[in-house]
Amino acid sequence: MSIKLSVKGEVVTAYLGGELDHHSAREMREAIDNAIEMNIPSLLVLDFSGVTFMDSSGIGLVMGRYRNLSRTGAELHITGASMQIAKVMKLAGISRLAKFDVGGFKVETDK
């Protein structure tokens, strides 16, 4: 599990890597939440291109960050997710909350 954060203007990007499961989700949540609190971004980008495995903890990570961002009106974008991870997120209803970019293609959202 790894996370790298980048802040450019009002955009915070979290580059996630490795396995995203209940063991790693807590550290990722804390790091992202700290970056949100310190920078108050208008956009949070979660880059899943380095994620090799994700269980339901990944869904919780995304939904919790969406909830935190909604307090300030910020947007959430998900990029780099494999087709399998994107499909799981869409089935979980994440596509109603965030914009998706999978493999360079925008995924239709339910918004």
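The values are calculated or read from the model by the stated rules, or taken from the named source; none is laboratory data. Values in this document were obtained by computation on a predicted structure and should not be read as measured data. Methodologically, a virtual Cβ is constructed for each residue, glycine included, from the backbone with ideal geometry; neighbour enumeration extends over all protein chains shown. Calculation scope for accessible area: heavy atoms of the full protein, side chains included, ligands and nucleic acids excluded. Shrake-Rupley method; radii C 1.70, N 1.55, O 1.52, S 1.80 Å.
Could you tell me whether the range 4-58 comes out rounded, prolate or oblate from its Cα gyration tensor? Rule is a ≥ b ≥ c as square roots of the eigenvalues, rounded for a/c under 1.5, then prolate if a/b exceeds b/c, otherwise oblate. The shape class here is prolate. Judged by the gyration tensor of its Cα atoms, with axes a ≥ b ≥ c, the range 18-107 is oblate; a/c meets the 1.5 cut and b/c is at least as large as a/b.
Just to be sure I follow the definition: excluding the sites themselves, where is the longest run in the chain that has none of the GluC sites (Glu not before Pro) in a DSSP loop with at most 16 other Cβ atoms within 10 Å?
Result, exposed sites excluded: 11-107.
Protein-only accessible surface at a 1.4 angstrom probe places the residues MET54, MET83 in the order MET83, MET54, largest first. Across the range 75-93, the residues whose backbone nitrogen lies under 17 Å from the label position 7 Å along the beta-carbon direction of LEU5 are 75-77.
Contact order for the chain, expressed relative to its length and based on alpha carbon pairs under 8 Å spaced 6+ residues apart, stands at 23 percent. Bridges between two residues of the chain, per DSSP, are antiparallel at a rate of about 35%.
Helical runs (DSSP H, four residues minimum) scored at -39500 (n - 2.57) apiece and divided by the length of the chain put the mean residue ellipticity at 222 nm at -12000 deg cm²/dmol.
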